[in-house]
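What follows is a single structure, written as structure tokens, with notes after it.
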Amino acid sequence: MSSPSTDCSSPSAVTISPRIIMHSCSSDAASTTTVACSEESLNIFTPSPSMDSATSGIYCDGTQSLLDLPTSPTTRQESLQEEEVTLTTAHSTDYRLARADLLESEEQCNILWQRITEYEIRNFMQVSKSPEFFDFNVEHLQRLVEHDDLNVSAEADVFWAIRRWYKYDEGARRCHLPDLVACLRLTQFDIDFLYSHINSLPGCELLVNKAVEWLLRPCARGTISLRYTKPRKALQTEDETYWIVVQTRGDVHRFADKCILRYSKALNEWQKWIEIKLERSNFAVVQLENSIICIGGLGRNTKPSNHVNRYNLNTQAWEPMPSMEQRRVYMSVTLLDGKIYAFGGQDEKYQALNSVEVFDTIAGRWQTIASMSVRRAATAAAVLDGKLYVIGGFNRAHLRTVERYDPVKNIWTQCAEMNEARGWPGVAVHNEYIYVIGGWFNGALRTVERYSLSANKWTTICSLNVARGSICGLSMNEALWAVGGYSEGVLRDTVEVYDDENDKWLEQKMLPEAGRYVR
């Protein structure tokens, strides 16, 4: 390698300038990659002197040696014959020594190339914005963007870098786009981003369709061929994945700030993560990959709302969504196959509803589907075996009623009733059972029931330690959780986990902030 201030014949260490021009060490590579780096970021090593640039890719002082001979044995022999060179024992020794020097220098060249690549991975944000980035060949760029250790602040950073590189020479680089985009962690983008920015790139439509299907159909993920579905290491949490719950009402923050909690598996505790601002309370929530969607609830005027907003967890920004057809509060919601279902609730006159709306995340609109047989609010909703269940609730009296909806046939079917009437219960699907946890009936409840689909039967299990309604039920880390809630006029910070083997509830570390939480 040469620079204006470096003499390759000198045995002293090479001084690396802020811009390193790296020629490929292989004889068939013609491209040159210029990389922004510094002496601090690369370990300096001493190259062997007298290396032939045509063979090794490292410039030297031009001294002639046996290395100037062609490397092919047949061609070398012909050359020697033409020049009437006799390969003596001394010459053979010189050749072996020079050949060893060449191999050592090639190894040093590979080491330097590896260090430069490591630098680019660690400093990708800066490197991708440098002028030299546009000169990267596609093979080198692909090696970078597919690397799991690529140091970026968001997956979108990698996308915009690929797009800048492509736009620099669209004609020549168009055919490489699908291979580069396939290296993105496409499941880390929301659907709007996929359609708005990636789908328009030549040859990337199929990749976008696969990513959207992966996002919207969790049950089909095993059949979808995507190279990468997990975030890069730099974007993973300590647990690689994490669970979050969203506060819909707190003691102080009823119509103002609310928090999102996330669970730390390493510390076995819930931690306050993000403060969000939403001028509503008692809204419903579904999580669609990297966004939480907040639906309905009570506005600051204490009137039910039909507004729907999405909070992007990556950008930490609110995005508007189409409003529901009906104003609703105290409804239940759930997500199935990329569609959001909103069941019952109360309208602006605080009358219980039996109407149901569904939002198609691809079509981007709400529509009314078959109504429930019973008007009710304060229900629980769950998904089991491709069907939707609406459980309990309140309409002038607390209800034991359970209905099942078939989204293919658009019909409702009555299921076995619970053993106990309850409104505002927690709910979770765990180990192929539906659990309803606590709730409200003439006061907060401690009781818990579970539903067997095969037997069409509800069975009572061990009661909670702390009676609560509006519990957030979760199936997490192979256990059933009951998080937060409300009882005796007080919002709770209680967390309990069900011990299946011993049929008892165990209290865990308390929440950092009491409140009603949903997921």
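The values are calculated or read from the model by the stated rules, or taken from the named source; none is laboratory data. On a predicted model such as this, the values are computed, not experimentally measured, just so you know. Here the Cβ positions follow ideal geometry from the backbone for every residue, glycine too, while neighbour counts run over all protein chains shown.
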*Look at residue 330 and say whether it is loosely packed, with under 15 Cβ neighbours inside 10 Å and over 18 Å from residue 292 (Cβ atoms).*
no
*Which residue pairs have Cβ atoms under 7 Å apart, sit 6 or more places apart or on different chains, and have a first residue in the range 426-447 that is of a type in the set (D, E, K, R) and a second that is modelled with pLDDT of 95 or more and not in a strand (DSSP E or B)?*
446/438; 446/463; 446/464; 446/467
*When the range 307-317 is examined, which residues are found to be within 26 Å of the chain's Cα centre (by Cα) and either outside the structural domain of residue 339 (by TED's automatic domain parsing) or surrounded by 15 or more Cβ atoms within 10 Å (Cβ to Cβ) (or both)?*
308, 309, 310, 311, 312, 313, 314
*How many residues, within the range 502-512, are buried (at least 18 other Cβ atoms within 10 Å of the Cβ) and under 26 Å from the mean Cα position of the chain (by Cα)?*
1
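Looking at 248, 187, 229, which is the one that is over 19 Å from residue 139 (Cβ atoms), touching a residue at least 40 places away in the same chain (Cβ under 8 Å) and in a loop (DSSP other than H, G, I, E, B)?
On the way: 248 fails: in a loop (DSSP other than H, G, I, E, B); 187 fails: in a loop (DSSP other than H, G, I, E, B).
Criteria check complete, one pass: 229.
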